[in-house]
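Contents: one structure, followed by commentary.
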Amino acid sequence: MMRYTSEIDKKWQRFWQEKGIFKVDVKDSSRPKYYCLVMFPYPSSELHVGHARNYVIGDAVVRYKIMQGYQVLSPMGWDAFGLPAENQAIKHKIHPAEWTFKNIKRIKEQLNSWGIGYDWEREITTCLPDYYKWTQWLFLKLYKSGLAYRKEAFVNWCPKCLTVLANEQVIAGECERCSTKVVQKKLRQWFLKITAYAQKLLDDLDLLKEWPQKVKTMQKNWIGKSQGVEIDFPIENSNFKIKCFTTRVDTIFGATFLALSWDYPLLEGLIKDAPNKGEIENFIEKTKNQPLSARLLENFEKEGVFIHKFAINPMTKQKIPIWVANYILTEYGTGAIMCVPAHDKRDFEFAKKYNLPIVKVIKPLSGEEIPCYEDEGILINSAQFNE
């Protein structure tokens, strides 16, 4: 094993500090500017190798741009607000502030010992009033403008950390911090009317010329604007109708079943006399605890249960079965989907698994035979709307 002396590190770290190579004067226009922001760590304990990967990569980018002649702004701060700090403080029987600032001191020492370069004069700590007062100021502006509102909604919940997790913090159905199985929990919470600005947000993505396309696609999915229509599907032998939202009304002749989300508002009434009510309720309970992040994955296994009810396709007048399915999201449309397996990959996988009818109603312009064709083409099997 090679011997290594850390004195070499300390020598050059002192040199960088004395020369101030990571300090930035934003008023200096003599050099092109470059901004490199790596995610702020949560000061719950010490940094580990996963943190090192992020910060070393960021540091390499910063140094590379400095060598190219850029004036590089590389700030650092601490994502230090939230329940995890309280939970750790309770566990260690100390005040949250003491626990948090002790960890900040230690993590800062670690970053410096690794030789990671930051402009420490720009350090921020999110749990300090001089930072979060601006969060409060911004929230009040949104609230007074009618853009902040409260409602109940399901969240990813870690029973051990006792906190809400973003989809990105759920790894294979588990909390990224403690590997506890994540469950879905309904909480009353604040929302911001991002959708009121959906089109402007989408338009401005076109201005980000150098952003990777996959990142822009993620942003488009997050903004979540969909243009389509709502269609009523009457329930057989009932006065009820199921309203489905679709962006592809042209495929309605190929709708061979309906799928409902596990928390569809009318589901309880629909299954009250179902012969397999127990099976449906068990499935709902299982699906309820599957994190949203998992259900969004392309390779997520589609599952469902037939609720022993039929709807009427308003165009074909045929009976089509109604299912509750784990890949249908309440957040999208009405929580009820008209399923066209010949032209939607998720519906196709579900139909193949449960042996449901697949009716092609769009023919590719190329004339090629494709089992599940999702693009535009020529209408077929669509009565008077055929080519």
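Is it the case, given these coordinates, that Ala85 is touching a Ser or Thr at 6+ places or on another chain (Cβ under 9 Å), assigned to a helix (DSSP H, G or I), hydrophobic (A, V, I, L, M, F, W, C) and assigned by TED's automatic domain parsing to the domain that holds Asp28? Answer is yes for this residue. Answer yes if at least one residue in the stretch 180-198 is out of contact with any Asp or Glu (no Cβ under 6 Å at 6 or more places or on another chain), under 27 Å from Phe22 (Cα atoms) and in contact (Cβ under 8 Å) with a residue 40 or more places away in the chain, and no otherwise. Looking for residues that are out of contact with any Asp or Glu (no Cβ under 6 Å at 6 or more places or on another chain), under 27 Å from Phe22 (Cα atoms) and in contact (Cβ under 8 Å) with a residue 40 or more places away in the chain, one finds none in the stretch 180-198, hence no.
The strands (runs of 3 or more DSSP E) found wholly in the stretch 133-222 include none carrying at least 1 residues that are surrounded by 14 or more Cβ atoms within 10 Å (Cβ to Cβ), outside the structural domain of Cys36 (by TED's automatic domain parsing) and in contact with a His (Cβ under 9 Å, 6 or more places away or on another chain).
For the stretch 94-123, filtered to residues that are of a type in the set (Val, Ile, Thr) and either touching a residue at least 60 places away in the same chain (Cβ under 8 Å) or in contact with a Gly (Cβ under 9 Å, 6 or more places away or on another chain) (or both), the residue that is surrounded by the fewest Cβ atoms within 10 Å (Cβ to Cβ) is Ile104. Only one entry of Ile307, Ile337, Ile322 meets the criterion of being closer than 20 Å to Asp250 by Cα and assigned to a strand (DSSP E or B), and that entry is Ile337.
Here is a list: Gly77, Gly50, Gly82. Which entry is surrounded by fewer than 18 Cβ atoms within 10 Å (Cβ to Cβ), out of contact with any Phe, Trp or Tyr (no Cβ under 9 Å at 6 or more places or on another chain) and not basic (Lys, Arg)? The match here is Gly50. Surrounded by 14 or more Cβ atoms within 10 Å (Cβ to Cβ), in contact with a Phe, Trp or Tyr (Cβ under 7 Å, 6 or more places away or on another chain), touching a residue at least 60 places away in the same chain (Cβ under 8 Å) and in a helix (DSSP H, G or I), is that true of Ala259? For Ala259, the condition - surrounded by 14 or more Cβ atoms within 10 Å (Cβ to Cβ), in contact with a Phe, Trp or Tyr (Cβ under 7 Å, 6 or more places away or on another chain), touching a residue at least 60 places away in the same chain (Cβ under 8 Å) and in a helix (DSSP H, G or I) - is not met. When the stretch 128-187 is limited to residues that are among the acidic types (Asp, Glu) and under 26 Å from Pro43 (Cα atoms), the one that is modelled with the lowest pLDDT turns out to be Glu168.
The values are calculated or read from the model by the stated rules, or taken from the named source; none is laboratory data. Since the model is a prediction, treat every value here as computed from it, not as a measurement. No Cβ is skipped: glycine too gets one built from the backbone with ideal geometry, and neighbour counts run over all protein chains shown.
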